[in-house]
Amino acid sequence: MESGPKDRLQIANVSRRRFLTGLAGAAALVIAARWDLVETAEKRKYGAEGMPGGYTDNPNVFIHIDPDGTVTVVNHRSEMGQGIRTSNAMVIADELGADWDRVRVKQAEGDHSVYGNQYTEASRSMRQWFDPLRRAGAAARQMLEQAAADRWQVRLSEVKTGVHEVWHEQSGRKLGFGELAEAARTLEVPDPASLILREDHELRFIGRESGLINGVLETSRPKAIDGEGIVSGTAVYGADVPFDNPLYAVIARPPVYGAELGRFHESDALNVPGVLKVVRIEGAGLPAAFNPLGGLAVVATNTWAAMQGRKALKIHWDYGPAEDNRSYTSSAYREILEARAQIPGEVIRKEGNFSKAMEGAHQRISATYYMPHLAQTPMEPPVATARVQKGNAEIWAPTQNPQATRTKVAERLGLDVTNVTVNVTLLGGAFGRKAKPDFAIEAAAIAQWFEGRPVTLQWTREDDLQHGYYQTVSLDHLEAGLDERGRATAWLHRSLSPSTMSLLKADFEHKSKVEQGMGFNTTPFDIPAILLENPPATAHVRIGWIRSVYNLPHAWAIQSFAHELAIAAGKDHRAFLLEMLGEDRKISNRSVGDTYNYDEDPAIYFIDTGRIRGVIDRVAAESGWGKEMPRGRGLGLAFHHSFGSYAAVVFDVEVSEGGSLTIHRADIAFDCGPQANPERIRSQLEGACIMGIGVALLNEVSFENGVAQQDNFDRYRIPRMNNAPREIRIHLVENPDEPMGGVGEPGLPPVAPALVNAIYAATGKRIRRLPVGDQLKG
Amino acid sequence: MASLNINGKEYQLDVPDQMPLLWVIRDVLGLKGTKFGCGKAQCGACTVHLDGVAIRSCTTPVSGAIGEITTIEAIGNDPIGQRLQKAWLDLGVPQCGFCQSGQIMNAVSLLRQNPAPGRDEIIHAMSGNLCRCGTYNRIIAAIQRA
Ligand code: FES
Ligand code: FES
C-alpha cells in the first residue's frame, strides 16, 4: 500500500501486470462502442470486465494510508450528485475497517489504464464496482494484518482488524493503520480469490439505512464527503478551479445543426473592453459525433466581457451544409412520425400472429403517444478550463467521461494521449450532457492560442438549450386486442425515434440495439401475439441522451397504454398489469432479442417478472391502492425495469375544476438487489421523482426551421419547489441475493406515466402528448 | 471604478458599471461559491445578500450593489446561516450541490424575515431557486428543522 499519492507509475505497473484483465484497447471507441452493439454479442465480456479500461481491484490504486493514519480513497468515478465519492469511500472503508472521520477522498485524473473504466453513465458505478472495491478494501486490510503479524512474529490468523487498528488476540497488542502503512505497502497484494470479505453483521456502512427516511430523521448519517464544501461554497465545480491570470471565453455557435461560420468582423467583438481575441473554432461537419459544432470564440479577461463581445458580433452563417436540418420544425415532424406510425416498420420482435389475434379479438384499442425533445439542463452548464503548455495540455472539467475527454483533446491538438491530463472536478449535475467531451475540446482548441495560460470556456444557459445534445423526440403507436374476458391477446408497438447513432452516422434511422434494449424489446408482458416494430425516423439535431435514455419514451407509452387497456377491460389497473405479466418468470434478454442488457451477463441479469410484481405489490400496499378517492382526486400507477433494477410508482393527485394540479404524494417502490448506500438510493429516487414530474408536466424543446425555441428557464420549464409533491415516500425492497442493479436512472422512467395515469384517474382526461402543459385547463 | 463591501471587506475595483455583480464576485474577486446557472434571474444559483436580503447577483449591476454584500463563503458567520448549513448536512439535502449555495442564501434571507415559516410560505419564498437534482422536499424539511 502506498503511503502517499506520489508513486502512481509504479502502481500502474502493478495493476497492469496483475489485475487489469479487461483492457479493451481502441480508445477511440470509448464512447461509440456502447452505442454500436450489434450481433457480435456472443464474444462479449460483461459487467466491469467488458468496459473499455476494464476494472482493477488492486488496493494500491485506490487506497493510501499516511503515517498519521489518514486514509485517502482515490475515487475514479465522476461525482454528479449520485453521491459516488461518498459511497465508493464507504464501501472501501467498511471492508478496510477505517474510521469514517479519518477518510479523505482524492479524485483520480482521467486514465483508465490505471483506474479501470471511469465513464460514469448507465447507472453502473456501484453496479460494476461494488465487488472490485470491496476486494480492494479487503486486500488492504489483509496487508495491514500481515504487516502486524510480521512485526509481532505471530500467525496471520491470530491478527484481527478493529476500527482503524489491528490487534493481536492473545497478547492484546495493537497497532494503528498509520503505524502499519509503511510496512504494508511493500507486501505482495493478496490473490483476490483468497480474500475473505466481511460478514454482513460486521458491516457498518454497506447496506445500512441512515439519515432521512421518508421525511423522518431517525438516525444520523456518516457525513457526506463533499457536504461541508457544498454548504460553505468551497466545493470546486467546473468553473471554480483557482488559477493565476486566467482567461475566459464563450463561443458563438451555428444556430442550425451543420451550418458553418460565414462572414463577420472581429473588430465588433474586439471593441468591447476586456475582449482580447477572437478565435475561429473548426466544426466537424455532419454528423458532429462528439466534436465541437464550430463557430467563433470570444476570449476576454472575464466571462461577462466575453459574453458582451459575442453579443456585439454580427455573424453571417452559411446554411448551405445544413439545408436539410433548416427545415426541421417540431410540429411538422410530429405529423411525419404520425403518418409513418400507420405503416409497418422494421420488425424488432414477433411472437404469435398479431393480425390473426386482432381479428379474433373482442375489443380492439389503439393509441399514439408523443414525447418531445428534452434537454438535460444540469444546473451547472457545460464548462471547462484548458491550459496548453510546451506540447502538453491540461484540462479541468466536470466530465462524466474523463478518458474520452483525454483521447479527444489529444486527437484535436495532435498530441499523444500521455501529454494530456484530465482533472475531474465536481459536476454540477450532468444527466448525460457531460458524457460528451465537446466542451473540453472547445476549451483546448481555444487554449492552444494562449501558451501557458488557462482558458475557461463557459457555456451560457442559452448555449446549453440552443446547441444541446437533445434527448430524442419519440412517437409510439400501440394497438391491442382484448378477449371477451378482458385479457390482452394481441399487442403491437410501433416506436419511432431518431437514434443517438445518428451522431456517428447521419443516415442511421432506426433504433440501435442499445436503444431497443431500453424498455422496447424487453417488454415483459405475457401476451400470445406480440409485434414490435421500428419505422424509420431521421435526426435533424444532435441526438444525445438524458438520464434513463430511451427507457423514458418507451415506459411512457407502454405504461400509459397498459392503463388504457385496463380501463377498456373494466379491470383494476394493478390487477390487469399482474395479469399481463403472467406467471413469475425470468425472461432471458437474449430470448427477446436484447443483446444490450446494460452490458451485463444475460446468464446473471434477467427480466424478472417476479421482481416486477414485487415492486407493484409493495407500492400498492404502501400507497393504499384501491381506496376510495374523493371527486377530482385519483391514484395512478406505472412500473418499469431498467439498468438491472425494478421500480413502481403511485401518484396521488388532485385536479381542480379550473384544471390546476396538486400532487399530494408519490410512492416509489424500488428493487435494485443489494443496496450499497440506501441513504443515497433514496435521494436519487426523490430526485428522479422531481425530474419525472418535469418530463410529464413541463419539459419541451421544440424546433422551428432548425432552431431551438427555448433558450432559458423562462421557456424551458423545469420543476420548481411548487411542483414538488407534498410527500415523496421511498420503499426499498430487500432483495440482497439478486445481482446488483443501477440506481441513478431506473427510478425515472415510470414517473411520467404514473403521473399521467393519476391525472386520468382524477379527471377522466387522457393525456397522450407530453408535456401536459396547459392541457388540463378548459 | 466601483467600491464594494463584500463579506466585510472593502474593495475598489476598476470594472464597468453595468458588469453584473456575479462576474465581479467570481472572476474579479475569485469567490467561486456563488454560481452561474442562467444569467437571467431564472434560477437563483447566483443568490447573494445585499444588506441581509437575497438578491440575484447575475442581474444586479455592480453599480447597484451599494451596501453590505454577503456571499455563501461568509454565511457560516451568521447564526441563521450556521443553523441552516447544519440542517442541510443532517438531512443530506445536497445531491450535486451546485444550486445549494443559492438555496441556502435564499433560505437565510427567508428565516430572517420569517423565523418560523409554514410549508406554503417556504414554497412561496423558495420557488425562484431551481434544483435540477430535485432536492426540494429535503430543502423544505431542512428549513423547518433549522
Ligand atoms: S444565475 Fe442568476 S438567477 Fe440564475
Ligand atoms: S443539488 Fe444539484 S441542482 Fe440542486
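We did not get these values from a lab; they are worked out from the coordinates using the rules stated. Given the structure is predicted, the values throughout are model-derived calculations rather than measurements. Every residue, glycine as well, gets a Cβ built from its backbone with ideal geometry; the counts of neighbours run over all protein chains shown.
Per-structure values
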{"quantity": "In region A:238-258, residue farthest from the other protein chains (Cβ to nearest Cβ) [restricted to those that are over 19 Å from residue A:311 (Cα atoms) and crowded, with 24+ Cβ neighbours inside 10 Å]", "calculated": "A:258"}
{"quantity": "Inter-residue pairs, beta-carbon under 6 Å, first farther than 17 Å from residue A:71 by Cβ and in region A:173-195, second among the basic types (Lys, Arg), 6+ apart", "calculated": "A:192/A:135; A:195/A:135"}
{"quantity": "Qualifying residue in region B:100-109 (condition: facing another protein chain (nearest Cβ under 8 Å) and of a type outside the set (S, T, N, Q))", "calculated": "yes"}
{"quantity": "Residue tally, condition surrounded by fewer than 20 Cβ atoms within 10 Å (Cβ to Cβ) and at the interface with another protein chain (Cβ under 7 Å from one of its Cβ atoms), over region A:713-741", "calculated": "2"}
{"quantity": "Those residues of region B:40-55 which are surrounded by fewer than 24 Cβ atoms within 10 Å (Cβ to Cβ) and not small (Gly, Ala, Ser), in sequence order", "calculated": "B:40, B:42, B:50, B:51, B:53, B:55"}
{"quantity": "Yes/no for residue A:268 being acidic (Asp, Glu) and crowded, with 17+ Cβ neighbours inside 10 Å", "calculated": "yes"}
{"quantity": "Subset of region B:116-146 [within 16 Å of ligand 1 (Cβ to nearest atom) and more than 8 Å from every other protein chain (Cβ to nearest Cβ)]", "calculated": "B:125"}
{"quantity": "Residue in region A:228-284 that is farthest from the chain's Cα centre (by Cα), counting only those that are within 15 Å of residue A:318 (Cα to Cα), of a type in the set (A, V, I, L, M, F, W, C) and part of a strand (DSSP E or B)", "calculated": "A:261"}
{"quantity": "Qualifying residues in region A:201-213 (those that are in a loop (DSSP other than H, G, I, E, B) and facing chain B (nearest Cβ under 10 Å)) - the one surrounded by the fewest Cβ atoms within 10 Å (Cβ to Cβ)", "calculated": "A:210"}
{"quantity": "Qualifying residue in region A:682-694 (condition: closer than 15 Å to residue A:728 by Cβ and either part of a strand (DSSP E or B) or away from chain B (no Cβ under 14 Å) (or both))", "calculated": "no"}
{"quantity": "Meets criteria (within 29 Å of residue A:460 (Cα to Cα), out of contact with any Pro (no Cβ under 6 Å at 6 or more places or on another chain), facing another protein chain (nearest Cβ under 7 Å) and more than 16 Å from ligand 2 (Cβ to nearest atom)) for residue B:68", "calculated": "no"}
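Yes/no matrix, rows are residues, columns are (1) of a type in the set (Gly, Ala, Ser); (2) surrounded by fewer than 16 Cβ atoms within 10 Å (Cβ to Cβ); (3) within 20 Å of residue A:528 (Cα to Cα):
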site: A:588; (1), (2), (3): yes, yes, yes
site: A:592; (1), (2), (3): no, no, yes
site: A:615; (1), (2), (3): no, no, no
site: A:627; (1), (2), (3): no, yes, no
site: A:633; (1), (2), (3): no, no, no
site: A:658; (1), (2), (3): yes, yes, no
